[in-house]
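First the structure, in the form of structure tokens, and then the observations on it.
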Amino acid sequence: MAWLKRTHNCAQLRASDEGREVVLNGWVDSRRDHGNLVFVDLRDLFGKTQIVFSPDRSGEAHKLAQELKSEYVIAIKGIVKRRLPGKENKEIPTGEIEVHATQLQILSEAKTLPFEITNNHFPSEELRLRYRYLDMRRKFMQKNFLFRHRLLQEIRAHFTSSGFMEIETPYMIKNTPGGARNFLVPSRSQPGTFFALAESPQIFKQLFMISGFDKYFQIARCFRDEDLRADRQPEFTQLDIEMSFVDEDDVMETVEDAMKEIFKRLLKIDIITPFEKLSYEESLKSYGTDKPDIRFGMKLVELTDLFYQSSFNIFRCAIDEGGMVKCINVPDGARLSRAQLDQYEKDLLKMGAKGLLWLKIQEKPSSPIAKYLSEKELQGIITKTGAQKGDLILISAGSRDLVNLSLSFLRENLAKSLGLINQKEFKFCWVKDFPLFEEGKEGELLSRHHPFTSPRDEDLEILEQNPLKVRAKAYDLILNGVEIGGGSIRIHKSELQKRIFRLLGFSEQEFSSKFGFFLEALQYGAPPHGGIALGLDRLAMLMLGLDSIRDVIPFPKTQTASCLLSGAPTRVPKEHLEELGIKTNT
Ligand code: AMO
């Protein structure tokens, strides 16, 4: 017998459908037996409908209904009836009606599930990932993926209507040194050689500009073999953008327009543009980080100049060693207990800081260090921070990096625990003028973004003499303290590109063998160009108010980059490796 195919989904029927004969398909969400009646909540992606089996109207179906268990897949035929007065369920759109079944087919039985499909109870993440296909029956997950689907559609519509063209770049590319580690793909036709999985479409999107495509975008999968965190996955999705004949402001404006429209359409929120722009230096100075959360104040205040001559050793030594003294003023923070402050100090010690110094602004400032500070120094701190009675000043002294790291950590954690963050607010900012290079462990120069980033024109003359002082035409997009995008104006002259490669320690021979094709392309008429890539998983996560990108990725990897569902990565048969010319030593 053919199976009964649905006439409606499980969210469609209303009181106005009373009397209609319908067929519904779906999963048994729950079954309740009341005397002779069997009630089933039938569920599909769209919603739930209550089905009633009674001995007189349902006949054989009533008997069969008693065998139903959770998550069986069934088809029912029946008549739509209004529920009895007082029995309506206002929580669901179909709550006014129920379907009185006349036929029932069991399309698939189901074993007892390893966990319940409900939004109220989440088992361990390990179990959720092992049975991801069941985890995705949850309304919570279905909502996330529906949102992600709409986000992708809106992005495509917006960029297409703004004159951008979506073109694909290869995922299997040449292995070139870059920021992130590449996954390798062995070639069977040329044993012993490897492709790399693209960590981003960077070089290819620049080649599009040389081809003349002008305004490119792509929703591209990227692959990076790096250490994972809650907002990092080894494969993730970027909204990748590149434009010709543009400067930094043009790219930023393009992104702002896109964000404005997307937030309006998907969340009905008016995002204020232009976004605040901070230089890298300003961001470190005021927030101690290049990913500032600007939804709240508590900016960092430098106190170094108060303590050049201080008799308080901790401060003076830090300054003498080239470090600094900085603080944050926590409004109304004097109510924090000693135990809470001790816990923060423990966290800081783990990060490598030497400790945490605090000062409660009360009738008389109270602090373990008050006795070591002069009246002038104490007053200086209060004046500089503008602290009021009831506030708490947290001070860090030491190397610039550690002080900034400690205070930005305190700033964010205290804002969360004191409820200073409006969780419904979205605040973007740009951080720009990054240093072009940073120093590696052995004092070597590394690109802070990637080697194709253009230095600022006014810094070109110190490129070789003082490379660490050179600023880049690079910008990161930060949303609520999370880096959701990064981009730059690119080098479009091969000579300058070669100078950068040399500074990065590549020999002439190395860069021609690795990037020769690209350097050659730059010689055939490359327009000035620039772009950006936004992390789509992170954007979706933030828009949905979530803490982990794993909740917006259907089949994410674990912290150790494995797929708990399929068991990947796995060993492969010896013959397969031989065919590829590969020997492993593990
Ligand atoms: P970048 O490396 O800064 O730039 O990446 C751009 C954005 O991608 C997101 N992102 C990630 N999301 C999830 N998991 C990861 N492992 C991960 N790594 C990065 C972040 C980040 O801001 N080619 C350049 C862009 C350009 O210059 O145009 C690039 O890839 O949100």
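The values are calculated or read from the model by the stated rules, or taken from the named source; none is laboratory data. These numbers come from a predicted model, not from an experiment. All Cβ positions, even for glycine, are placed from backbone atoms using ideal geometry, and neighbour counts span all protein chains on display.
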Where residues in the stretch 207-217 are surrounded by fewer than 23 Cβ atoms within 10 Å (Cβ to Cβ) and not acidic (Asp, Glu), which of them is farthest from the ligand (Cβ to nearest atom)? Gly212
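Listed here are the residues, each with its yes/no results for (1) exposed (fewer than 15 other Cβ atoms within 10 Å of the Cβ); (2) closer than 16 Å to Glu483 by Cα; (3) among the charged types (D, E, K, R).
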| site | (1), (2), (3) |
| --- | --- |
| Glu226 | yes, no, yes |
| Pro234 | no, no, no |
| Asp247 | yes, no, yes |
| Arg265 | no, no, yes |
| Lys277 | no, yes, yes |
| Tyr280 | no, yes, no |
Which residue out of Asp332, Asp320, Asp342 is surrounded by fewer than 21 Cβ atoms within 10 Å (Cβ to Cβ), on the phi > 0 side of the Ramachandran plot and at pLDDT below 95? Asp332
Which one of these does Ile117 not meet: (1) more than 16 Å from the ligand (Cβ to nearest atom); (2) at pLDDT 95 or above; (3) surrounded by 13 or more Cβ atoms within 10 Å (Cβ to Cβ)? (2)
Any hit, the stretch 225-235, residues being within 16 Å of the ligand (Cβ to nearest atom), without any contact (Cβ under 8 Å) to a residue 12 or more places away in the chain and of a type in the set (Asp, Glu): yes
Cβ pairs under 8 Å, 6+ apart or interchain, first in the stretch 205-221 and of a type in the set (Ser, Thr, Tyr), second at pLDDT 95 or above and surrounded by fewer than 18 Cβ atoms within 10 Å (Cβ to Cβ), ordered by first then second residue, are Tyr216/Met165; Tyr216/Glu166; Tyr216/Ile167
Leading residue by the ranking (surrounded by the most Cβ atoms within 10 Å (Cβ to Cβ)) among those in the stretch 521-567 that are more than 25 Å from Glu248 (Cα to Cα) and charged (D, E, K, R): Arg550
Lone qualifier among Ser494, Ser513, Ser562, Ser488 - being hydroxyl-bearing (Ser, Thr, Tyr), under 27 Å from Ser447 (Cα atoms) and within 16 Å of the ligand (Cβ to nearest atom): Ser488
I want to confirm something. Restricting to the stretch 178-205 and keeping residues that are surrounded by fewer than 17 Cβ atoms within 10 Å (Cβ to Cβ) and within 15 Å of the ligand (Cβ to nearest atom), which single residue is farthest from Pro528 (Cα to Cα)? Arg181
Filter the helices (runs of 4 or more DSSP H) completely within the stretch 53-131 down to those with at least 3 residues that are hydrophobic (A, V, I, L, M, F, W, C). 60-65
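Taking the stretch 564-586, which residues are in contact (Cβ under 8 Å) with a residue 60 or more places away in the chain and either closer than 28 Å to Leu228 by Cα or touching a strand residue (DSSP E or B) at 6+ places or on another chain (Cβ under 8 Å) (or both)?
The answer is Leu564, Leu565, Leu580, Gly581, Ile582.
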Pairs, please: C-beta under 6 Å, at least 6 apart or cross-chain, first residue of a type in the set (A, V, I, L, M) and in the stretch 436-452, second more than 11 Å from the ligand (Cβ to nearest atom) and at pLDDT 95 or above? Leu436/Pro455; Leu436/Val470; Leu445/Phe437; Leu445/Pro467; Leu445/Leu503; Leu445/Leu504; Leu446/Glu438
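Return yes or no: is Asp250 within 30 Å of Cys563 (Cα to Cα) and either assigned to a helix (DSSP H, G or I) or modelled with pLDDT of 95 or more (or both)?
Against the criterion (within 30 Å of Cys563 (Cα to Cα) and either assigned to a helix (DSSP H, G or I) or modelled with pLDDT of 95 or more (or both)), Asp250 does not qualify.
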